[in-house]
Amino acid sequence: MAQQIAASNITNKSRLKILNARQQVLDQIFEDARKKLPNIQKDKKKYEGILKNLILEAMYALMEKELFIRARKSDAEIVDRAAKAAAKEFEKASGISVETEVDTDRPLGAERYESLFGDGGLTFSAGGVVVLGHGGKIEYDNTLEERLKLLETAALPKIRASIFGYHPTDLQES
């Protein structure tokens, strides 16, 4: 009986070491992605398209006629262009005319945010937008950091499976 308990303890410790090593690999993948977020805005044309889509998504979510957009101070001009393009596309698709205004009084990145990733650090915005609707009462956070955080949660099972393979107890998609 004592041998069975010892063997079980060894097996459990081995499993925990494997799980810990796998988690470290996944954590490193997302840490590397976080470090690359500021590079997204280097290609201005592509970044403007990303911003337009982020704003458009917020427009569909909020379905408001008047929206305020917070962005980094350095992005104000490009966000304004992206917002106008998104508003045209939104009106064409929904029939609702929307007015947008970039909030230059409280830009993103002007203040420090507590890290979104639970690491206790402080970070500045790498880009993206926060869209405010209903007179500022509803906030739709579409910053690059928030998008990565959502991806980390939503895509983690697929990333885990693509790196380590499916475990027999996982539910596999057909």
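List the residue pairs whose Cβ atoms are under 8 Å apart, where the first residue sits in region 66-83 and is farther than 13 Å from Asn142 by Cβ, the second is surrounded by 24 or more Cβ atoms within 10 Å (Cβ to Cβ) and of a type in the set (Val, Ile, Thr), and the two are 6 or more positions apart or on different chains. Taking only residues 6 or more apart or on different chains, the pairs are Phe68/Val131. Taking (1) closer than 22 Å to Gly133 by Cβ; (2) assigned to a helix (DSSP H, G or I); (3) among the β-branched types (Val, Ile, Thr) in turn, Ile69 satisfies each apart from (2). Taken as a whole, the structure leaves Glu89 outside the set of residues that are under 30 Å from Tyr166 (Cα atoms) and either part of a helix (DSSP H, G or I) or not aromatic (Phe, Trp, Tyr) (or both). Restricting the first member to region 1-30 and to residues that are under 29 Å from Leu156 (Cβ atoms), and the second to residues that are in a helix (DSSP H, G or I) and of a type in the set (D, E, K, R), the beta-carbon pairs closer than 7 Å and six or more apart or on different chains are Leu26/Arg160; Phe30/Glu152.
Just so you know, all these numbers are worked out from the coordinates, no wet-lab data involved. For clarity, every value in this text was computed on a predicted model and none was experimentally measured. All Cβ positions, even for glycine, are placed from backbone atoms using ideal geometry, and neighbour counts span all protein chains on display.
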